[in-house]
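Undergrad: Starting off with a structure, shown below.
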Amino acid sequence: MPADAARLATAFATTLRRLGIPVSTGDVVTFVEALGQVGLEERAAVYWAGRATLVRRPEHLAAYEHGFAALWLQRELIRTSREVEPVVLAVDDEVGDEPEGEQADDDVADDVRTISVRYSPAEVLRHKDFAAYTDAEFDEARRLMADLRLGGALRRSHRLRRAKGGRRTRHPDLRRTVHRSLRLHGEPIERAFLEPSERPRRIVLLCDVSGSMETYSRALLRFLHAAVVGRGRVEAFALGTRLTRLTRELSSHDPDAALAKAADAVRDWSGGTRLGEVLRQFNDEWGVRGMARGAVVVILSDGWDRGEADELARQMARLHKVAHRVVWVNPLKVTPGYAPLAKGMAAALPFVDEFLEGHSLGSLETLAEVVKR
């Protein structure tokens, strides 16, 4: 058992180092000791022993998942094989397809099974917390966000269109009916009809830019910019101690210029939050008067509020009555053991249709899918 544990721990540590996780010799020794306690037979026990001893930062969890899957796959192949054959684990951080039948390495003998484990840096970035991003990762995330398409759910429009397949509705199309009758000596035998058309609902994005959201505001504003540029019926606002409309500033296709204009427009950046007061201002000036009617309203905030919780509850109730759906995106929801105990979050939650995470690219992709419903 100790020799098997040592070999497995050494191979696993080498794999994790290639994936970018700093694993020291002391960590490997601790991992071997943990394996001596839990054994090697249960996959879950080995997984948690490695996660507890080899992973120190949350941004390394995704790479650890890839490395552990590769390690256990190799071990299962060895255990289930009729003949024990040498297995080489090759880790590659590039994504690409190799022609079938080609050897990954000419130096490897024909009788050696090679398992090539590939992982995508973009996939790791997709699940990484925005708070742990570097400047280079923010640039890469901006390109990934540009591929997001935030399309609202469809609603019936007052505009009419030609009914498909001769479907009869209560709206006759007199112009086409008369035009068709000219070929039949004026007899309206073949009648045409109109039906209501559909159009995407407006999307309203309200992003909290207070001090408690500082680690996430930068990434979320990039998301707002991608949403505003990607389609026409998106409105963007910044929430703090006051309400700031950012739709015009974020409409530039140059992301750096757009974010610079937005930063200049927001005067209460990284300040306090009075969600109830700014939502009242939004309802009075924009939302209830038409912008939020039938729209999908998305609030991106951690729910920390210096204002009155009762006022926030009243304004959320007003907003919920006129909006098609209200979605609240909270970056703190991913925290283990999280509960909406902040007074602002607790007051708003009864009037929220969807309560989502908002800490990573993957969570924003989930938001894009929810908005389409």
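The values are calculated or read from the model by the stated rules, or taken from the named source; none is laboratory data. What you see is a predicted model, and the numbers here were worked out from it, not measured in a lab. Neighbour counts run over all protein chains shown; Cβ positions are idealised from the backbone, glycine included.
Undergrad: Which condition number does ARG199 fail, the rest of (1) at pLDDT 85 or above; (2) in a strand (DSSP E or B) being met?
TA: Of the numbered conditions (1) at pLDDT 85 or above; (2) in a strand (DSSP E or B), the odd one out for ARG199 is (1).
Undergrad: Kindly establish whether ALA49 is in the same structural domain as ALA70 (by TED's automatic domain parsing), surrounded by 14 or more Cβ atoms within 10 Å (Cβ to Cβ), at pLDDT below 85 and closer than 20 Å to ALA69 by Cβ.
TA: So ALA49 fails the test.
Undergrad: Name every residue in the stretch 332-373 that is within 19 Å of ALA141 (Cβ to Cβ), acidic (Asp, Glu) and without any contact (Cβ under 8 Å) to a residue 60 or more places away in the chain, in order of residue number.
TA: GLU357, GLU369
Undergrad: For the stretch 10-29, which positions are free of Cβ contacts under 8 Å to residues at least 40 places away in the same chain, over 30 Å from LEU332 (Cα atoms) and surrounded by 17 or more Cβ atoms within 10 Å (Cβ to Cβ)?
TA: Residue satisfying the conditions is VAL28 alone.
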